[in-house]
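Quick notes on the structure that follows.
The values are calculated or read from the model by the stated rules, or taken from the named source; none is laboratory data. Not measured: the values here are computed from a predicted model. Here the Cβ is made from the backbone with ideal geometry for all residues, glycine too, and neighbour counts use every protein chain on show. Surface areas here come from the heavy atoms of the whole protein model, side chains and all, with no ligands, DNA or RNA. Shrake-Rupley method; radii C 1.70, N 1.55, O 1.52, S 1.80 Å.
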Amino acid sequence: EKNGFRSFMDKEIHDQPHAVADTLLGRTDINGRLVLDDLRIDESVLRSVDKIVVIACGTAAYAGHVAKYAIEHWCRIPVEVELAHEFRYRDPVVNSKTLVVAVSQSGETMDTLMAVRHAREQGAKVLAIVNTHGSTIPRESDAVLYTHAGPEIAVASTKAFLSQITAAYLLGLYLAQLRGNKFADEIAEILDDLREMPDKIQQVLDRADHVRETARSMADASSVLFLGRHVGFPVALEGALKLKELAYIHAEGFAAGELKHGPIALVEEGQPVFVVVPSPRGRDSLHSKVVSNIQEIRARGARTLVIAEDGDDAVLPFADEVFFVPQSPTLLAPLLTVVPLQIFACELATARGLDVDQPRNLAKSVTVE
Ligand code: F6R
């Protein structure tokens, strides 16, 4: 079943080009308009939504973070992202003009399910982005957008994460289309960019030897930090989570802009720090700010492990290692930049002799609150 891979996780990381391609497949009607799978919400309700709240846990919540950047940019609707267990136990402001988006691989996460029920009791409409057909969360939601990642066996989520991000982009484009925020040709252009992502993910996989060697050389690391900005921030959080879960190494992700507000105190000689660098072809100031962050931590002795876009030579003077990924539009880049971090965690855990498919203390689907 592992198709020659050492672990399910390794296999699932390599399945990612397909998972993304399959999630994009068959989403447009004969007129080229985006369609959702199972929509039991009136389109007029979706047109009048004035706030989106994404609820999820763990990796699925980081997919929600990425969704926020894309949906706000494309649709000009405010998007909040909240951990489902936190949402449920405060007194969230949701009503019939709120669209709640529940993201879950399993569709059975109890924290997320309870939040779905709570949101519906408050009159909100709930749209589920879920991988497992027939699971509870889509059954209890008003609409469903399935991710087509296929079954995910390894406890740590990889291909489901990329599919969740992909589905969130589709949702953003669907809402932009419905609400007239974007012209059909603009949407078609972004869809074309999205359809190029599976090949680019494959290119990241084909270049993975460097990140694997680096991971093996760091099997004794006791702490690794991850920095990112904009959509690179949730990628940093996800990179840290993968390393904690799989390799049992202390890891933390930060927004790079937060560095000088505290976390930079952690940086000492030899501290490994991954930095996810935004495209230099995107917003200029964003790229240069992250490059100065690399410079700052390097000057304090950090070992800088940089994920940057092909052709971004500006990082070279400050990087101990660079893992290049193909060029892509800034908002779509997480589908590429997270892949080296997944491979890093998987390889490092394997080098430590750990079972990457079944990390200690964790279950694939958390069906208790
Ligand atoms: C991390 C991981 C978990 C899940 C979280 C939500 O690798 O797998 O953080 O993402 O438990 O699970 P689902 O998506 O099934 O609701």
For the chain, longest principal axis from Cα atoms; helix 159-179 axis from its Cα atoms; angle between them, nearest 10 degrees, is 50 degrees
What full-extension length gain, to one decimal in nm, is calculated for ILE41 and ARG283 as 0.36 nm per residue of separation minus the Cα-Cα distance? 83.5 nm
Over 10 Å intervals from 0, what percent of Cα-Cα pairs in the stretch 191-232 sits in each interval? 20, 31, 37, 11, 1
How much of the accessible area of the chain, probe 1.4 Å, is carbon plus sulfur, in whole percent? 48 percent
Taking all pairs of distinct Cα atoms, average 1/r, flip it, and tell me the Kirkwood hydrodynamic radius of the stretch 147-297 in Å to one decimal place. 17.7 Å
Placed amide H near LYS125: partners under 5 Å, 5+ positions off or other chain: THR98, VAL100
Accessible solvent surface per residue of the chain, calculated while the other protein chains remain in place, 1.4 angstrom probe, Å²: 40 Å²
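Find the relative contact order for the chain and round it to a whole percent, using C-alpha pairs within less than 8 Å whose residues are 6+ positions apart. Numbers along the way, then the final one.
Numbers: 741 pairs, mean separation 70.8, N = 369.
Taking the mean separation of contacting Cα pairs over the length of the chain, I get 19 percent.
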Grab the Cα-Cα distance for VAL368 and ARG216, subtract it from 0.36 nm times how many residues apart they are, and report the gain in nm with one decimal. 51.1 nm
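How much space per residue, in cubic angstrom, does the convex hull of the C-alpha atoms of the chain take up? Don't jump to the answer; show the numbers that get you there.
Details: hull volume 49.5 nm³, N = 369.
Hull volume normalised by residue count: 134 Å³.
In the structure shown, do any of LYS200/LYS289; LYS2/LYS182; LYS200/LYS260; LYS97/LYS244; LYS159/LYS182 have a Cα-Cα gap over 32 Å, and if so which? Intermediate results must be reported in sequence, preceding the final value.
On the way: LYS200/LYS289 26 Å; LYS2/LYS182 43 Å; LYS200/LYS260 34 Å; LYS97/LYS244 38 Å; LYS159/LYS182 29 Å.
Result: LYS2/LYS182; LYS200/LYS260; LYS97/LYS244 exceed 32 Å.
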Can you tell me the 0 to 90 degree angle between the C-alpha axis of helix 232-247 and the longest principal axis of the chain, rounded to 10? 70 degrees
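Report the relative contact order of the stretch 233-369, percent, no decimals, based on alpha-carbon pairs under 8 angstrom and at least 6 residues apart. Before the final figure, lay out each step's value.
Working: 184 pairs, mean separation 36.6, N = 137.
27 percent.
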Label points 7 Å out from Cα along the Cβ direction at ARG90 and ASP50: separation in nm? 2.0 nm
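Provide the percentage of antiparallel DSSP beta bridges, counting only those with both residues in the chain; round to the nearest 5. Show your work: numbers first, answer last.
On the way: 3 of 42 bridges.
For the chain, the DSSP antiparallel bridge percentage is about 5.
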Search the structure for amide H atoms under 5 Å from the amide H of VAL275, placed 1.01 Å from N in the peptide plane, and list their residues when 5 or more places away or on another chain. LEU227, LEU305, VAL306, ILE307
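Across all directions of projection, what mean area in square nanometres is found for the Cα convex hull of the stretch 257-369?
On the way: hull surface 38.0 nm².
If you wrap the Cα atoms of the stretch 257-369 in a convex hull and average its projections, you get 9.5 nm².
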Cα-based Rg then Dmax for the stretch 27-130, in Å, read 13.4, 44
Report the normalised scattering of the stretch 121-168 as log10 I(q)/I(0) at q = 0.13, 0.25, 0.30, 0.32 Å⁻¹, calculated by the Debye formula with identical scatterers on the alpha carbons. -0.32, -0.92, -1.13, -1.20
Please give the Cα centre distance for the stretch 101-156 versus the stretch 13-73, rounded to the nearest Å. 12 Å
Karplus (6.51, -1.76, 1.60) ³J(HN,Hα), θ = phi - 60°, over the stretch 254-265, in Hz, Gly and Pro reported as x: 10, 6, 4, x, 7, 2, 6, 8, x, x, 4, 5
Is it possible to state the helix-based mean residue ellipticity at 222 nm for the chain, with each DSSP H run of 4+ residues giving -39500 (n - 2.57), the sum divided by total residues, to the nearest 500 deg cm²/dmol? What is it? -13500 deg cm²/dmol
Tell me, what is the Rg over Rh of the stretch 93-202, with Rh the Kirkwood radius over Cα pairs? 1.01
